[in-house]
């Protein structure tokens with residue numbers, strides 16, 4: 001009886017041959033005409049990359065890094081207890097004599 | 001008098017297209033349609049090849065202004081073709097428009113017969129059978145769209161990891177990890193199939 005490894009090797013070889021044995025598809029003149037009709041319908045191309053292409057190229061690429069940065073920033077702020085609204089509020093409550101609204105402007 | 005397109009380089013043709021001569025694109029279409037169809041046929045089911053190749057040329061036309069003139073147009077077009085094939089599978093997997101292929105008793109019989117055959121010489125004949133192609137489709141359908149493309153480019157077509165990464169627009173390390181993982185997954189699938 002043949003070993004499992006041998007059978008696996010044979011099967012991989014067969015599948016590889018099946019992949020390379022795929023016959024090419026021939027397209028007719030009608031296909032070419034359809035492609036060129038679509039291209040003509042699109043009109044002349046824009047010389048520079050469009051806004052959406054730039055958006056796709058740069059913004060989406062930076063998305064993972066931005067998310068990580070936001071998460072790390074949130075963790076840091078929670079750890080060091082940085083709450084600016086709360087600090088301003090406590091300043092008003094605790095130091096009502098020296099700090100008035102007039103001093104703020 | 002205008003030069004005949006065949007005497008001009010791809011770069012000159014591309015410059016003319018960008019300058020507004022849409023009809024010059026026909027030259028690129030004629031020149032590269034066989035190349036594009038060869039790539040698409042390898043990755044996409046036969047009944048979807050024409051439409052996918054059509055989309056490749058439309059995408060290439062729209063992206064022409066972004067083509068860097070120092071590179072080869074053929075290589076650039078190959079990358080667009082491979083990414084269009086990847087997008088095809090991504091959409092298919094998301095919408096599940098294509099039914100997940102299942103292995104029938106016929107496939108199992110064929111597999112048993114093929115693997116128990118004593119002569120290795122007969123494999124090349126038998127592998128041409130429809131069942132081999134269907135078995136490959138079944139195995140590939142178990143992988144994600146990205147893993148599928150990586151496996152086809154690296155292991156079945158013999159591209160280097162760097163070449164596959166350039167074609168798919170992924171990092172080399174990503175392709176390396178995916179190719180290893182998808183190959184192991186495929187081997188597990190096939191091992192399970194043989195041992196049952």
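Derivation of every value follows stated rules applied to the coordinates shown; laboratory data play no part. Values in this document were obtained by computation on a predicted structure and should not be read as measured data. Glycine also receives a Cβ, built like all others from the backbone with ideal geometry; neighbour counts cover every protein chain displayed.
Counting, for every residue in B:54-67, the Cβ atoms of other protein chains within 10 Å of its Cβ and taking the mean gives 4. The modelled label-to-label distance between residue A:42 and residue B:19, using points 7 Å beyond Cα along the C-beta direction, is 2.1 nm. Roughly how far apart, in whole Å, are the Cα centres of segment B:173-196 and segment A:8-48? With segment B:173-196 and segment A:8-48 each reduced to a Cα centre, they are spaced 27 Å.
From its DSSP helices (H runs of at least four residues, each -39,500 (n - 2.57)), chain B gives a residue-normalised ellipticity at 222 nm of -21500 deg cm²/dmol.
For B:9, B:141, the sequence from fewest to most other C-beta atoms within 10 Å is B:9, B:141. Between residue B:116 and residue B:181, the FRET efficiency from the beta-carbon distance, with R0 = 35 Å, is close to 0.70.
Residues B:85, A:67, A:16 in ascending order of nearby Cβ atoms (within 10 Å, fewest first): A:67, A:16, B:85.
Considering only B:170, B:64, B:115, the Gaussian network model of chain B with Cα springs below 10 Å gives its largest mean-square fluctuation to B:115. Here r is the Cβ-Cβ distance between residue B:94 and residue B:51 and R0 is 25 Å; the resulting FRET efficiency, rounded to 0.05, is 0.90. For chain B, the alpha carbon convex hull comes to 148 Å³ per residue, rounded to a whole number. Using alpha carbons only, how many degrees (0 to 90, rounded to 10) separate the axis of helix B:49-63 from the longest principal axis of chain B? Between helix and principal axis, roughly 40 degrees. Peptide A:24-31 shows a mean partner chain C-beta count of 5 within 10 Å per residue C-beta.
Here the Gaussian network model covers chain B, with springs between Cα atoms less than 10 Å apart; of B:136, B:37, B:28, B:136 fluctuates the most.
Fewest neighbouring Cβ atoms within 10 Å first, the residues A:25, A:59, B:40, B:49 line up as A:59, A:25, B:49, B:40. Averaged over the residues of B:150-161, the number of partner chain Cβ atoms lying within 10 Å of the residue Cβ comes to 1.
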